[in-house]
1. Listed residues 36, 32; which is in contact with a helix residue (DSSP H, G or I) (Cβ under 8 Å, 6 or more places away or on another chain), assigned to a helix (DSSP H, G or I) and free of Cβ contacts under 8 Å to residues at least 40 places away in the same chain?
2. What tally of residues in region 28-50 results from selecting those that are farther than 19 Å from residue 4 by Cβ and out of contact with any strand residue (DSSP E or B) (no Cβ under 8 Å at 6 or more places or on another chain)?
3. Would it be correct to say that residue 87 is part of a strand (DSSP E or B), in contact with a strand residue (DSSP E or B) (Cβ under 6 Å, 6 or more places away or on another chain), at pLDDT 70 or above and under 25 Å from residue 23 (Cβ atoms)?
4. Taking residue 43, is it surrounded by 13 or more Cβ atoms within 10 Å (Cβ to Cβ), in contact with a helix residue (DSSP H, G or I) (Cβ under 8 Å, 6 or more places away or on another chain), under 30 Å from residue 15 (Cα atoms) and at pLDDT below 95?
5. Condition first: under 13 Å from the mean Cα position of the chain (by Cα), under 21 Å from residue 12 (Cβ atoms) and outside any helix (DSSP H, G or I). Now tell me which residues in region 50-82 satisfy that.
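The values are calculated or read from the model by the stated rules, or taken from the named source; none is laboratory data. Quantities reported herein were computed from a predicted structural model and do not represent experimental measurements. Cβ sites come from the backbone with ideal geometry, for glycine too, and all protein chains shown count toward neighbours.
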């Protein structure tokens, strides 16, 4: 599974110099991206594919909490986080998800979430 996310953040102005000195101008690639990837992996490991969709709000909330906490340690303040799409690549997952009407209903309730099957 792959996920697309949106993250709105700002650097704490009183610590901007410290962040740039420690991480450089590529702090998004060197710091933010790995934290997001590790956090999403940690949260998604607790759910099956079906549960990721059925419990989408909880997945977003748990991921946001971890990402917010970890980025705050580097003086990056998260304004808003969301998972905008999930991409599933296994045909078995597709058939499993399509047979669960609860998942389909929950997806609609928490739009915008694109679910893509490759």
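1. Working: 32 fails: free of Cβ contacts under 8 Å to residues at least 40 places away in the same chain.
36 is the lone residue from the list that is in contact with a helix residue (DSSP H, G or I) (Cβ under 8 Å, 6 or more places away or on another chain), assigned to a helix (DSSP H, G or I) and free of Cβ contacts under 8 Å to residues at least 40 places away in the same chain.
2. Pass one, region 28-50, residues farther than 19 Å from residue 4 by Cβ: 30-31, 46, 48, 50.
Then drop every residue that is not out of contact with any strand residue (DSSP E or B) (no Cβ under 8 Å at 6 or more places or on another chain), which leaves 30, 46, 48, 50.
Number of matching residues: 4.
3. Details: part of a strand (DSSP E or B): yes; in contact with a strand residue (DSSP E or B) (Cβ under 6 Å, 6 or more places away or on another chain): yes; at pLDDT 70 or above: yes; under 25 Å from residue 23 (Cβ atoms): no.
Taking the combined requirement at face value, the residue does not satisfy it.
4. yes
5. 78, 80, 81, listed by residue number.
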